[in-house]
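Below is one structure; the comments refer to it alone.
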């Protein structure tokens, strides 16, 4: 503060000696300051809006009547809302900034896209594939959670994935996974790996081509990870590694699985007991299946990679046991952290 006053005095005194009244000089400086501030405010107020648009589909078909809300980062109320037409297209005009998109429609699960950056003088396109809601899936005859299974909802930045965790056939692995879910350690986690034909070199016959995504807990909570668990072999559980299976990631040694899990997009008998993808032929521990959101899994698998590493990783907003109260609680917690 003192250096600013000294600078002002240095400027004003020569003018004073030249005959300009000191008070008048101060008024002139203050007026210039106000003009500069006003100019900055005016410039900010005249920021050119940018366009955010896209197409909303379900099973490759454009969907009309979907409400699309753009919510600025750190806020709860939308800055803009649009409804898709018969062509499935939405269009929003927004100030530059970082946004979260929420898409809602009757019969569909709410879709969420986060971290959408709108730069000045730009047009951004975000296309979304919707998933049917749980009730709508039942109407379509999609199997739900069976006796001996526990439903788990994983909300990602690309949408929801619902799992049926087989506590009856894989009790040890299921209990371990649910322990991480109940501790909310997957909240803030991420899907960090994807394999597909363009980034996985098969080594037949033991290591054929493989398509999957792999996820894990919040990196900031890695030090809280629980101890590794014994491998539940598929020869004991009777479960198989087929498309849609959820299984635990493990290391070279059998009893090394902790929190990372993967979701298969193709059949992989090489991961069953006796398969040779692992040198010990013990396989991996299948413990569940996807009952909803396989399209979200495919979207994540297609994202940019560096090697097999998703770049950037796809965020897990939360993972919770499937139930209205649990999901409501998780939504509230996530909102409070923003």
> How about region 276-291: which of its residues are within 22 Å of residue 171 (Cα to Cα) and either over 30 Å from the mean Cα position of the chain (by Cα) or touching a residue at least 60 places away in the same chain (Cβ under 8 Å) (or both)?
Replying inline: 281, 282, 285, 286, 287, 288, 289, 290, 291
>> Here's a check for you: in region 61-78, which residue that is crowded, with 17+ Cβ neighbours inside 10 Å and assigned to a loop (DSSP other than H, G, I, E, B) is farthest from the chain's Cα centre (by Cα)?
In response: 63
>> Which count do you get for residues in region 79-95 that are part of a strand (DSSP E or B) and in contact (Cβ under 8 Å) with a residue 40 or more places away in the chain?
In response: 4
>> Tell me the residue from 151, 115 that is out of contact with any helix residue (DSSP H, G or I) (no Cβ under 8 Å at 6 or more places or on another chain), assigned by TED's automatic domain parsing to the domain that holds residue 284 and in a strand (DSSP E or B), please.
In response: 151
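Could you tell me whether residue 303 is surrounded by fewer than 17 Cβ atoms within 10 Å (Cβ to Cβ), over 18 Å from residue 208 (Cα atoms) and in contact (Cβ under 8 Å) with a residue 12 or more places away in the chain? First the steps, then the outcome.
On the way: surrounded by fewer than 17 Cβ atoms within 10 Å (Cβ to Cβ): yes; over 18 Å from residue 208 (Cα atoms): yes; in contact (Cβ under 8 Å) with a residue 12 or more places away in the chain: yes.
In short, yes.
Per-residue answers, yes or no, for (1) surrounded by fewer than 17 Cβ atoms within 10 Å (Cβ to Cβ); (2) part of a helix (DSSP H, G or I); (3) outside the structural domain of residue 260 (by TED's automatic domain parsing):
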residue	(1), (2), (3)
168	yes, no, no
178	no, yes, no
199	yes, no, no
205	yes, no, no
215	no, no, no
>> Given (1) at pLDDT 95 or above; (2) farther than 18 Å from residue 251 by Cβ, identify the lone condition not met by residue 281.
In response: (2)
> In this structure, is residue 54 out of contact with any helix residue (DSSP H, G or I) (no Cβ under 6 Å at 6 or more places or on another chain), within 18 Å of residue 122 (Cα to Cα) and in contact (Cβ under 8 Å) with a residue 60 or more places away in the chain?
Replying inline: yes
> Can you find even one residue in region 81-92 that is surrounded by fewer than 17 Cβ atoms within 10 Å (Cβ to Cβ) and on the phi > 0 side of the Ramachandran plot?
Replying inline: no
> Quick check: is even one residue across region 66-73 in the same structural domain as residue 124 (by TED's automatic domain parsing), over 30 Å from residue 292 (Cα atoms) and modelled with pLDDT of 90 or more?
Replying inline: no
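Checking the structure you have, find out if any residue of region 96-106 is more than 21 Å from the chain's Cα centre (by Cα), crowded, with 17+ Cβ neighbours inside 10 Å and either assigned by TED's automatic domain parsing to the domain that holds residue 188 or in a strand (DSSP E or B) (or both).
no
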> Which condition number does residue 194 fail, the rest of (1) surrounded by 20 or more Cβ atoms within 10 Å (Cβ to Cβ); (2) assigned to a loop (DSSP other than H, G, I, E, B); (3) in contact with a helix residue (DSSP H, G or I) (Cβ under 6 Å, 6 or more places away or on another chain) being met?
Replying inline: (2)
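The values are calculated or read from the model by the stated rules, or taken from the named source; none is laboratory data. Computed from a prediction, not measured in an experiment: that's the story for all the values here. Every residue, glycine as well, gets a Cβ built from its backbone with ideal geometry; the counts of neighbours run over all protein chains shown.
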